[in-house]
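Everything on this sheet refers to the single structure shown next.
The values are calculated or read from the model by the stated rules, or taken from the named source; none is laboratory data. Keep in mind the model is a prediction, meaning the values are calculated, not measured. Glycine gets a Cβ as well: all are built from the backbone with ideal geometry, and neighbour counts include every protein chain shown. Heads up: the accessible areas ignore ligands, DNA and RNA and are worked out on the full protein's heavy atoms, side chains in. Shrake-Rupley method; radii C 1.70, N 1.55, O 1.52, S 1.80 Å.
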Amino acid sequence: MDAIILAGGKGTRLKPLTDHVPKPLIPINSKPLIEWQIRYLKKFGIKNIVICTGYKSKQIEGYLERKANFGSKIKFSIEKKPLGTGGAIKKAAKMIQGSSFLVLNGDVITNMDIKQMYKKKNAIALIELKTKYGTVSIHEDRITEFREKKSVPDVWMNAGIYHLDRSIVEKLPTNGAIEKTVFLKYAKEGKLHGVKFRDSFWFSIDSHKDLEDCSETLQLKKYRGFV
C-alpha cells in the first residue's frame, strides 16, 4: 500500500510559527509533525510515500534528506499554487502504484490501526467527536458537577485518513476539495464507506492549543512510544 500525505497548506492558524517554518516541520515533543506521520505509516509497513507540498516545500525536502527519510521511499508532489485536497491528490496519484492507496491529512497524529482501512475502498476513517471544552451538570440553577472534555458517543467525524480506489482519481477536480466534490457525490450514491475507530489516540493540529494538548497527551504513560 502506498500513501499520500497532504502537507501543502500555509498553517495560518499557527502563526507566527509558520512565518518561519512550514506546518509539517513544527515540532511536537521535539519531533516534527511530518516525522510523526512517516514513522506512523512505516509502523504499518507503508514505506512508499508521496508528500504533497507547496508552502516552504524546500525546507521539508531538506529536513527529510538530512534524516535519510527514516527508511521510507519518499517522493514530492510540489504545488506551485494551492490545488485543494482534491487537486493535490489528483496530481500526486500519478506517482502512486497499485489499485488503491491511502491519503493522510498532513496535520493528523494518531495511533489508529490503519490496516482496518484496507477492508473497504473509498472509505473514510471516522472517530467519535471530541469536545474541546469541559461541560457541567446542572439542576435548576445549581451546578452539580464539572466534567472534563470527552468523546461524544456515536457522533462521528472525519479523521482525515482515506483509502481510495484508483478509479476515483479521474473524477477528482484539478483544483478543489475532495470533501466538497467527489465525497459529497459518492455519499449521495452510496459509494462512500466509513470505518469507525473508538478510543484511539487522534489529534488534528490546527491551533496552538492543539499543539499543547497533543504534546501533553503524548507524554501520558499509555501513549509513550506508540510510534
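Measure of size requested: the Rg and Dmax of region 75-183, with Cα atoms as the atom set and Å as the unit; please supply both.
18.8, 61
Tally Lys and Arg at +1 and Asp and Glu at -1 over the other residues with C-beta under 11 Å from the C-beta of LYS42: what net charge comes out?
Numbers: positive: ARG39, LYS43, LYS47, LYS73; negative: GLU35.
Net of charged neighbours comes to +3.
Per residue, how much space in cubic angstrom lies within the convex hull of the C-alpha atoms of region 3-119?
Working: hull volume 12.8 nm³, N = 117.
Enclosed volume per residue, from the Cα hull, is 109 Å³.
Could you state the accessible area per residue of the chain in Å², with a 1.4 Å probe and every protein chain left in place? Intermediate values should be presented prior to the final figure.
Numbers: 12340 Å² over 227 residues.
Value for the chain: 54 Å² per residue.
Could you give the angle, 0 to 90 degrees to the nearest 10, between helix 33-43's Cα long axis and the longest principal axis of the Cα atoms of the chain?
Result, in degrees: 80.
Helix-only estimate, please: 222 nm mean residue ellipticity of the chain, summing -39500 (n - 2.57) across DSSP H runs of length 4 or more and dividing by its residues, to the nearest 500.
Working: 5 runs with 48 residues, N = 227.
Using -39500 (n - 2.57) per qualifying helix, the result is -6000 deg cm²/dmol.
What distance in nm lies between label points placed 7 Å from Cα along the C-beta direction at LYS31 and ASP113?
Simple spin-label model gives 2.1 nm for this pair.
Which percent of Cα-Cα pairs in region 1-44 sits in each 5 Å bin, short to long?
Going out from 0 Å in 5 Å bins, region 1-44 shows 5, 21, 27, 23, 14, 8, 3, 0 percent.
Please report the net charge: other residues with Cβ closer than 13 Å to the Cβ of PRO16, K and R +1, D and E -1.
Details: positive: LYS10, ARG13, LYS15, LYS23; negative: ASP19.
For residues surrounding PRO16, the net value is +3.
Ratio of alpha-carbon Rg to the 2.2 N^0.38 Å globular estimate for the chain, to two decimals, please. Mind showing how you got there, number by number?
Working: Rg = 18.3 Å, N = 227, 2.2 N^0.38 = 17.3 Å.
In units of the globular-protein estimate, the chain measures up at 1.06.
What FRET efficiency comes out for the pair SER215/ASP154, r = Cβ-Cβ distance, R0 = 25 Å, nearest 0.05?
On the way: r = 29 Å, r/R0 = 1.16.
It comes out at approximately 0.30.
If the viscosity is 1.567 mPa s and the temperature 4 °C, what Stokes-Einstein diffusion coefficient in µm²/s follows for region 151-222 when Rh is the Kirkwood radius over Cα pairs? Walk me through the intermediate numbers first.
Numbers: Rh = 15.1 Å.
Once the numbers are plugged in, D ends up at 86 µm²/s.
Order GLU216, GLU128, most accessible first, counting only protein heavy atoms with a 1.4 angstrom probe.
Working: GLU216 105, GLU128 20 Å².
Final ranking, largest accessible area leading: GLU216, GLU128.
How much of the DSSP bridge set in region 24-150 is antiparallel, in percent, rounded to the nearest 5? Provide the component values of the computation, followed by the final result.
Numbers: 7 of 13 bridges.
That works out to approximately 55 percent antiparallel.
Of LYS132/LYS188; LYS23/LYS191; LYS91/LYS185; LYS47/LYS191; LYS15/LYS132, which pairs sit farther than 24 Å apart, going by alpha carbon to alpha carbon?
Numbers: LYS132/LYS188 30 Å; LYS23/LYS191 33 Å; LYS91/LYS185 20 Å; LYS47/LYS191 28 Å; LYS15/LYS132 21 Å.
Check vs 24 Å cut-off fails for LYS132/LYS188; LYS23/LYS191; LYS47/LYS191.
Carbon and sulfur atoms: what percent of the 1.4 Å accessible area of the chain do they account for? Provide the component values of the computation, followed by the final result.
On the way: 6470 of 12340 Å².
Answer for the chain is 52 percent, counting heavy atoms of protein chains only.
With a Förster radius of 41 Å, plug the Cβ-Cβ distance of SER99 and ASP141 into 1/(1 + (r/R0)^6) and report the FRET value to the nearest 0.05.
Details: r = 61 Å, r/R0 = 1.48.
Efficiency, rounded to the nearest 0.05: 0.10.
For the chain, what is the percent of antiparallel DSSP beta bridges, rounded to the nearest 5? Working shown, then result.
On the way: 21 of 41 bridges.
Beta bridges within the chain, antiparallel portion: roughly 50 percent.
Find out how many positive minus negative residues lie around ASP107, taking Lys and Arg as positive, Asp and Glu as negative, among other residues whose Cβ is under 11 Å from that of ASP107. Working shown, then result.
Details: positive: ARG13, LYS23; negative: ASP206, ASP210.
Neighbour charge sum, excluding ASP107 itself: 0.
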